[in-house]
Amino acid sequence: MRILTWTLRIILFLALFLLALKNTDSVGLHLYFDHVWQAPLILVLLVFFAAGAVVGVLATLATVFRQRREIARLQRELGNRAGEAGARAPAADGGVDSQSDI
């Protein structure tokens, strides 16, 4: 399985490297106020890919933190219920609470 994983990684790296070699032409990105950013096409693609990945991670952070808070709350609630159930458990020494009504 490791060999397959490394083979796929190498193939992906080579494909992206060859893409970068083919896209070295300079492109202009027209911004506001007539400002133009000149950069190689692969650099522009890389910057926007990285920015998209960062935005995607930031978009999921709120959900992850909300779920972590909910999990912590549910674990506390479960611990409280387990403590209450342990306090209400019948006495094992034959006390009054452990005998059934006859």
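The values are calculated or read from the model by the stated rules, or taken from the named source; none is laboratory data. Here the structure is a predicted model, which is why all the values come from computation and not from measurement. Here the Cβ is made from the backbone with ideal geometry for all residues, glycine too, and neighbour counts use every protein chain on show. Calculation scope for accessible area: heavy atoms of the full protein, side chains included, ligands and nucleic acids excluded. Shrake-Rupley method; radii C 1.70, N 1.55, O 1.52, S 1.80 Å.
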>> Given the condition open to solvent by less than 100 Å² (accessible area, probe 1.4 Å), at pLDDT below 85 and either in contact with a helix residue (DSSP H, G or I) (Cβ under 9 Å, 6 or more places away or on another chain) or part of a helix (DSSP H, G or I) (or both), answer yes or no: does some residue in the stretch 45-57 qualify?
In response: yes
> Going by the conditions given, is I42 at pLDDT below 85 and assigned to a helix (DSSP H, G or I)?
Replying inline: yes
> Which residues, taken from the stretch 1-36, are surrounded by 10 or more Cβ atoms within 10 Å (Cβ to Cβ) and touching a helix residue (DSSP H, G or I) at 6+ places or on another chain (Cβ under 8 Å)?
Replying inline: L19, A20, N23, T24, S26, V27, L29
